[in-house]
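Asker: Structure incoming, see below.
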Amino acid sequence: MITLNYKNADAMVIGNANGLNIEQEFSNYKDSIANIITNLNQRKDKPGQWLQWMNLGYNEETIWYVKEFASQVKGKFENILVLGIGGSALGGIAVTEALLKPFWNLLTPEQRDNYPRIFFLDNIDPDTINGLLQVLDLKKTLVNVITKSGSTAETMSQFMIVKNILEKELGADYRNNIVATTDKKTGILRQISEQEGYKTFVVPDDVGGRFSVFSAVGLLPFAMLGLDIDAMVNGIKDMDLALKNTNISENIAAQNALIHFLMDTQKGKNLSVMMPYSSRLKYVSDWYVQLWAESLGKNKDNNGNDVHVGPTPIKALGATDQHSQIQLYNEGPNDKVINFIRVKEFDTTLEIPSIFEYTGIGYLGGKTINQLINAEADSTRVALSDYSRPTITITLDKVDAYNVAQLLYMLEVQTAIAGELYNINTFNQPGVEQAKNYTYALMGRAGYEDSAKALQDKMATV
Ligand code: PA5
């Protein structure tokens with residue numbers, strides 16, 4: 001099981017001004033945390049609560065279907081191209097970057113055990129899209145278009161471009177190169193898929209995009225890439241069991257949620273840095289940033305009061321960002337909680353040869369890069385605590401399917417508990433609607449004529 005060490009956020013280590021009396025706070029919040037956990041587990045099966053992501057580890061049917069589809073297409077495609085944005089892409093990127101062999105797309109088919117290469121298009125930069133389409137042979141590519149709403153402009157515009165090319169290149173057979181993951185009943189992509197006869201997978205009801213990584217949104221590409229879905233599911237289930245524990249002393253998601261909440265509300269630390277010391281976990285930070293930001297950044301609480309809450313998440317990478325951000329973290333404003341992710345055992349042990357005797361670098365010879373990266377994680381944590389900066393350390397035994405699934409699920413539950421502590425709706429995102437509506441208006445979508453007029457007036461003045 002992954003572990004959480006919060007010692008360096010404690011007042012005993014970093015002083016009363018910046019640290020919390022953590023055991024005392026755990027005791028103060030014992031009952032409210034127990035109520036939150038009980039309540040989330042009671043609500044999870046109720047429609048409209050958006051908590052179905054808590055059941056994804058138990059969804060045998062989806063797991064069976066994605067594996068079945070993966071075995072049908074094995075060896076038929078050189079590439080998978082995922083079209084999606086936000087929650088429809090970030091989980092897939094995080095997990096594939098963590099679990100596939102590094103530089104996967106550069107490996108030969110034999111080195112990839114004949115599993116396909118994977119590309120995610122999660123933005124609408126015309127140069128990037130065009131660049132990718134220049135290098136990808138779409139005839140040999142399975143396109144997985146993912147959108148829960150079925151109408152997201154970025155995803156559907158990409159899809160329209162790609163489908164058009166596919167149809168030109170493959171004629172009527174182009175349908176075999178498309179699989180759509182979307183809502184089971186509603187949305188334009190569902191309608192198109194039925195009309196055109198695409199193979200489809202479902203984003204389940206009451207699972208928001210940023211909580212959807214273990215639905216078919218992520219599991220389908222993971223299965224097609226030969227990732228160990230069974231180990232992932234075991235990781236989720238074991239973590240789910242551990243996080244059903246209502247005792248905060250034994251529940252790491254509750255502990256980290258409460259520490260972040262109190263650091264924000266009592267100590268003025270409203271920035272949350274996610275800093276894995278593992279390049280393979282780099283994109284877990286991107287995923288976390290979306291999860292934390294879109295879930296917790298809200299202007300109203302559940303009683304309708306104006307609150308404008310939400311700690312700002314920041315991504316960083318150890319050791320790289322020691323040479324970029326740590327100066328600020330040590331000496332700048334003391335307004336952050338820094339989450340380190342530390343990996344005990346890497347797949348590779350890489351020895352540094354003793355080839356130079358200069359005092360400045362000779363000490364490195366005979367050591368391993370593994371020792372170096374973890375020594376840097378430890379020394380940065382201790383240096384931060386010398387500056388009275390709170391840090392949390394999450395430790396994974398290994399970067400494997402079991403542990404990565406545990407990590408992501410733990411962070412999802414942590415986010416849900418934090419949302420309850422802030423007393424906000426964790427699962428909506430009204431703040432992204434306004435700009436979306438303006439985009440529709442600017443792009444001439446029917447029904448948005450009034451917005452277009454209002455927007456033109458505003459654009460003339462700002
Ligand atoms: O977390 C979310 O709900 C969002 O980030 C969505 O995933 C994102 O906006 C994409 O939406 P859709 O899947 O409907 O295309």
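Only the coordinates and a few stated rules stand behind these numbers; no lab work does. The structure displayed is predicted, hence computed values, not measured ones. All Cβ positions, even for glycine, are placed from backbone atoms using ideal geometry, and neighbour counts span all protein chains on display.
Asker: Could you state the principal axis extents of the C-alpha atoms in the range 52-229, from the largest down, to the nearest angstrom?
Answerer: Projected onto its principal axes, the Cα set of the range 52-229 covers 39, 35, 29 Å.
Asker: What lysines sit close enough to Lys139 to cross-link, taking a C-alpha to C-alpha distance under 28 Å and skipping anything fewer than 8 places away on the same chain?
Answerer: By straight Cα distance, Lys139 reaches Lys67, Lys74, Lys76, Lys101, Lys148, Lys163, Lys168, Lys184, Lys199.
Asker: Moving on to the next point. Given the peptides 140-146, 38-44, arrange them by the average over their residues of other C-beta atoms within 10 Å, most packed first. Write down the numbers at each step before the final one.
Answerer: On the way: 140-146: 23.9, 38-44: 14.0.
Those peptides, ordered most packed to least, come out 140-146, 38-44.
Asker: What relative contact order, as a whole-number percentage, does the chain give when Cα pairs under 8 Å and 6 or more residues apart are counted? Show your work: numbers first, answer last.
Answerer: Details: 787 pairs, mean separation 98.6, N = 462.
Once divided by the residue count of the chain, the mean separation gives 21 percent.
Asker: Percent relative contact order of the range 281-379, based on C-alpha pairs within less than 8 angstrom and at least six residues apart? Walk me through the numbers before you get to the answer.
Answerer: Working: 77 pairs, mean separation 19.2, N = 99.
Worked out over the range 281-379, it gives 19 percent.
Asker: What shape does the range 316-358 take by its C-alpha gyration tensor, where a ≥ b ≥ c are the square roots of the eigenvalues and a/c under 1.5 counts as rounded, a/b above b/c as prolate, and the rest as oblate? Before the final figure, lay out each step's value.
Answerer: Numbers: a/c = 4.26, a/b = 1.70, b/c = 2.50.
Verdict is oblate for the range 316-358.
Asker: Something else now. Which value in Å does the Kirkwood hydrodynamic radius of the range 156-237 take, with 1/r averaged over all unlike C-alpha pairs and then inverted?
Answerer: That comes to 14.2 Å for the range 156-237.
Asker: List every residue whose amide H lies under 5 Å from the amide H of Leu20, counting only residues 5 or more places away in sequence or on a different chain, with H placed 1.01 Å from N in the peptide plane.
Answerer: Long-range HN contacts for Leu20: Asp10, Ala11.
Asker: Quick one: which residues, 5+ away or cross-chain, put their amide H under 5 Å from the amide H of Phe120? H built at 1.01 Å from N.
Answerer: The answer is Val82.
Asker: Going through the DSSP H helices of the chain, which span 15 Å or more along their own axis at the Cα atoms while scoring at least -0.5 as a mean Kyte-Doolittle hydropathy? Display every interim value, and only then the final one.
Answerer: Working: long enough: 30-43 (20 Å, -0.59); 60-73 (20 Å, -0.29); 153-170 (25 Å, 0.13); 229-243 (21 Å, 0.66); 252-267 (21 Å, 0.31); 282-296 (22 Å, -0.17); 369-386 (25 Å, -0.09); 401-422 (32 Å, 0.67); 449-461 (19 Å, -0.94).
Flagged H segments are 60-73, 153-170, 229-243, 252-267, 282-296, 369-386, 401-422.
Asker: By average Cβ neighbour count within 10 Å, what is the ranking of 325-331, 53-59 from highest down?
Answerer: Working: 325-331: 15.6, 53-59: 20.3.
So the peptides 325-331, 53-59, ranked by packing, come out 53-59, 325-331.
Asker: List the trypsin sites (Lys or Arg not before Pro) in the range 149-206 that DSSP assigns to loop (not H, G, I, E or B) and whose Cβ has at most 15 other Cβ atoms within 10 Å. Which are they?
Answerer: Numbers: sites: Lys163, Lys168, Arg175, Lys184, Lys185, Arg190, Lys199; in loops: Lys184, Lys185.
Answer in residue order: Lys184, Lys185.
Asker: Cα-based Rg (one decimal) and Dmax (whole number) for the range 325-414, in Å?
Answerer: So, for the range 325-414, Rg and Dmax equal 16.3, 50 Å respectively.
Asker: Give me D for the chain in µm² s⁻¹, whole number, from Stokes-Einstein with Rh from the Kirkwood sum over alpha-carbon pairs, 25 °C and 0.890 mPa s.
Answerer: So the translational diffusion coefficient is about 103 µm²/s.
Asker: Could you run the Karplus curve 6.51 cos²θ - 1.76 cosθ + 1.60 with θ = phi - 60° over the range 342-357 and give me ³J(HN,Hα) per residue in whole Hz, x for Gly and Pro?
Answerer: 10, 10, 6, 10, 7, 4, 10, 10, 10, 7, 9, x, 7, 10, 10, 10
Asker: Just from its helices, what would the mean residue ellipticity at 222 nm be for the chain, if runs of 4 or more DSSP H residues each count -39500 (n - 2.57) and the sum is divided by every residue, rounded to the nearest 500 deg cm²/dmol? Walk me through the intermediate numbers first.
Answerer: Values: 18 runs with 214 residues, N = 462.
Mean residue ellipticity at 222 nm (helix-derived): -14500 deg cm²/dmol.
Asker: Report ³J(HN,Hα) in whole Hz for each residue of the range 80-88, in order, from the Karplus equation J = 6.51 cos²θ - 1.76 cosθ + 1.60 where θ = phi - 60°; Gly and Pro get x.
Answerer: Along the range 80-88, the couplings run 10, 10, 9, 10, x, 8, x, x, 7 Hz.
Asker: Same structure, new question: To check you understand DSSP bridge types, tell me what percent of the beta bridges within the chain (both residues inside) are antiparallel, rounded to 5. Could the numbers behind the result be given before it?
Answerer: Values: 6 of 43 bridges.
Counting DSSP beta bridges with both partners in the chain, the antiparallel share is about 15 percent.
Asker: Still on this model: Among the GluC sites (Glu not before Pro) in the range 63-143, which ones are in a DSSP loop with at most 14 other Cβ atoms within 10 Å of the Cβ? Mind listing them?
Answerer: Numbers: sites: Glu68, Glu78, Glu97, Glu110; in loops: Glu78, Glu110.
Those that pass, being in a loop and sparsely packed, are Glu110.
Asker: What is the Cα radius of gyration of the range 203-353 over 2.2 N^0.38 Å, N being its residue count?
Answerer: Working: Rg = 18.0 Å, N = 151, 2.2 N^0.38 = 14.8 Å.
Here the Cα radius of gyration is 1.21 times the empirical estimate.
Asker: Shape verdict for the range 307-462, please, from the Cα gyration tensor: rounded (a/c under 1.5), prolate (a/b greater than b/c) or oblate. Could you put the intermediate results ahead of the total?
Answerer: Numbers: a/c = 2.43, a/b = 2.20, b/c = 1.10.
Prolate is the answer for the range 307-462, as a/c is 1.5 or above and a/b outweighs b/c.
Asker: Once both labels are modelled 7 Å past Cα along the beta-carbon direction, what's the Gln371-Leu107 spacing in nm?
Answerer: Spacing of the two 7 Å Cα→Cβ label points: 2.9 nm.
Asker: Taking amide H atoms as placed 1.01 Å from N in the peptide plane, list the residues 5 or more away in sequence, or in a different chain, whose amide H sits under 5 Å from that of Ile314.
Answerer: Ser272, Val273, Met274
Asker: Then there's this: Sorting check: for 119-126, 445-452, 398-405, 45-52, which peptide has the highest mean count of neighbouring beta carbons within 10 Å, and how do the rest follow?
Answerer: Put in order of decreasing packing, that is 398-405, 119-126, 45-52, 445-452.
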